[in-house]
Amino acid sequence: MKINVLLPLLLIGFQTIAQQADSLKGKLEVYGSLDIYYAYDFNEPDSRERPSFLYSHTKHNNISINTAVLGVRYENEFLRGTVALLVGDYSVTNYAAEEQLFQNIYEAYLSVKLADHLWLDAGVFSSHIGIEGGVGPGNPTLTRSLVAHSSPFFESGIKLGYQPNDKWFFSALVLNGWQNISETNNAKALGTQITFQPKNNLTLNSSTYIGEGNNAADNLESFRFFHNFYLIWEPTSKVYLAFALDVGSDKLETRANGEYQNWWGTSLIANYQLNSKWKLIGRLEYFDDPGNVIFTEDNVMGPNLTGISAGFDFSPIQNLYFRSEGKFFSGNGDLFEKKNEMTTDSNFSFFTSLGILF
């Protein structure tokens, strides 16, 4: 009789243990990307460098690697983790302020499931701000926009993310600062993100950043308010439209008598899929920084810039991309280097790249 009672209980126990063991079994995946490019700046700068406020595709008249990423992902029902390393011109410029140990980290974070649809991430992860990312082949255009360059591509800290359904995503973040891995002070920043997808072809996003924004020393008063809004609409299978608007206000004790200085920028991206292999791309953008918060060049006060880009993408097979783009900038100050140690207020440049995702 005891055996008859215990046997079903043992079977149930073994089944429960087996189910728990299965839930801990995860998927391990290797991933990466490569973006090789050539850029020609028709101003022919003596330094062979693109302007300092641009962090990707920075070399003039040089075949180079913008980004090369290799990483691993692990995921099971309760745990997710990612570690990825990065090399290339983008990492050299955008991670220049980091300690050498961190200059080649693209992603390094761990995620724990706290409840249904609720995850906690901790480590280094992609920014919660904007449409565009640091890695090239997955972006809607070959080069990044001014609003992308003037906001974080990566962040470090903790993020609480909640996705109750396919339409809504909410997150709250505590960050070390404005795009930094190595902590430079005792201050922390807060961030939020709300993403709404009412239809499969329409996405609206609102992201905020509140906190110290200059990675300044503790003895300097510094504070930043920032908001990013973007909309992505694909009215047909061939048309991709994206609009982004950034607005910021920043206070730094050593700038403008410690008063808040404002800036804003916007971009409009349009892609048209000609067929399965060819795509046309275009972008209009504007950026205004009267207080020199983002554009810190000493020789230009209160710069604004208008930009226009056009090009094409060719993808002969899935995840392989050949891209070309021409870009023109015009502004109110001499932000662009020319040959013979001269500067100018406009710039035309041409880019071509070969990229792969895997």
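The values are calculated or read from the model by the stated rules, or taken from the named source; none is laboratory data. The model shown is predicted, which means the values in this text are computed figures rather than measured ones. A quick note on method: Cβ atoms are made from the backbone with ideal geometry, for glycine too, and the neighbour counts reach across all protein chains shown.
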Can you find a residue in the range 83-98 that is touching a strand residue (DSSP E or B) at 6+ places or on another chain (Cβ under 6 Å) and in a helix (DSSP H, G or I)? yes
Which members of the range 304-358 meet the condition of being among the aromatic types (Phe, Trp, Tyr) and closer than 30 Å to Arg73 by Cα? Phe314, Tyr321, Phe322, Phe358
Out of everything in the range 316-358 that is more than 24 Å from the chain's Cα centre (by Cα) and more than 15 Å from Arg50 (Cα to Cα), what residue ends up being surrounded by the fewest Cβ atoms within 10 Å (Cβ to Cβ)? Asn340
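Which is in contact (Cβ under 8 Å) with a residue 12 or more places away in the chain and either closer than 24 Å to Lys25 by Cα or out of contact with any strand residue (DSSP E or B) (no Cβ under 9 Å at 6 or more places or on another chain) (or both), of Ala108, Ala148, Ala115?
Numbers: Ala148 fails: either closer than 24 Å to Lys25 by Cα or out of contact with any strand residue (DSSP E or B) (no Cβ under 9 Å at 6 or more places or on another chain) (or both); Ala115 fails: in contact (Cβ under 8 Å) with a residue 12 or more places away in the chain.
None of the others qualify; the one that does is Ala108.
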How about the range 72-101: which of its residues are farther than 13 Å from Val135 by Cα and in contact with a Ser or Thr (Cβ under 6 Å, 6 or more places away or on another chain)? Arg73, Glu77, Arg80, Thr93, Glu98, Glu99
Number of positions in the range 229-267 that are free of Cβ contacts under 8 Å to residues at least 12 places away in the same chain and either within 20 Å of Tyr286 (Cβ to Cβ) or β-branched (Val, Ile, Thr) (or both): 1
Of the residues in the range 294-315 that are modelled with pLDDT of 95 or more and of a type in the set (A, V, I, L, M, F, W, C), the one that is surrounded by the most Cβ atoms within 10 Å (Cβ to Cβ) is Leu305
Hand me the list of strands (runs of 3 or more DSSP E) wholly inside the range 174-276 holding 3 or more residues that are hydrophobic (A, V, I, L, M, F, W, C), in contact with a Ser or Thr (Cβ under 8 Å, 6 or more places away or on another chain) and within 25 Å of Gly307 (Cβ to Cβ). 222-233, 239-252
Any residue in the range 133-141 that is at pLDDT 95 or above, surrounded by 24 or more Cβ atoms within 10 Å (Cβ to Cβ), more than 18 Å from Glu75 (Cβ to Cβ) and out of contact with any helix residue (DSSP H, G or I) (no Cβ under 9 Å at 6 or more places or on another chain)? yes
Can you tell me which residues in the range 219-233 are more than 18 Å from His149 (Cα to Cα) and surrounded by 17 or more Cβ atoms within 10 Å (Cβ to Cβ)? Ser222, Phe223, Ile232
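Filter the range 57-82 for residues that are assigned to a loop (DSSP other than H, G, I, E, B) and out of contact with any Gly (no Cβ under 7 Å at 6 or more places or on another chain); which is nearest to Gly26 (Cα to Cα)? Spell out how you get there, then give the answer.
Quick first cut of the range 57-82, residues assigned to a loop (DSSP other than H, G, I, E, B) only: 57-58, 60-61, 76-78.
Those left that are additionally out of contact with any Gly (no Cβ under 7 Å at 6 or more places or on another chain): 57-58, 60-61, 77-78.
Numbers: His57: 37, Thr58: 39, His60: 44, Asn61: 46, Glu77: 8, Phe78: 9 Å.
Only one residue tops the list, namely Glu77.
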If we keep only residues of the range 118-132 that are in contact with a strand residue (DSSP E or B) (Cβ under 8 Å, 6 or more places away or on another chain) and farther than 19 Å from Asn180 by Cβ, then the residue surrounded by the most Cβ atoms within 10 Å (Cβ to Cβ) is Ile131
Residues in the range 235-260 that are more than 21 Å from the chain's Cα centre (by Cα) and surrounded by fewer than 19 Cβ atoms within 10 Å (Cβ to Cβ): how many? 13
Could you check, for the range 16-29, whether at least one of its residues is modelled with pLDDT of 95 or more and surrounded by 13 or more Cβ atoms within 10 Å (Cβ to Cβ)? no
I'd like to verify a number: residues in the range 307-337 that are free of Cβ contacts under 8 Å to residues at least 60 places away in the same chain, more than 20 Å from Ser267 (Cα to Cα) and assigned to a strand (DSSP E or B), how many? 3
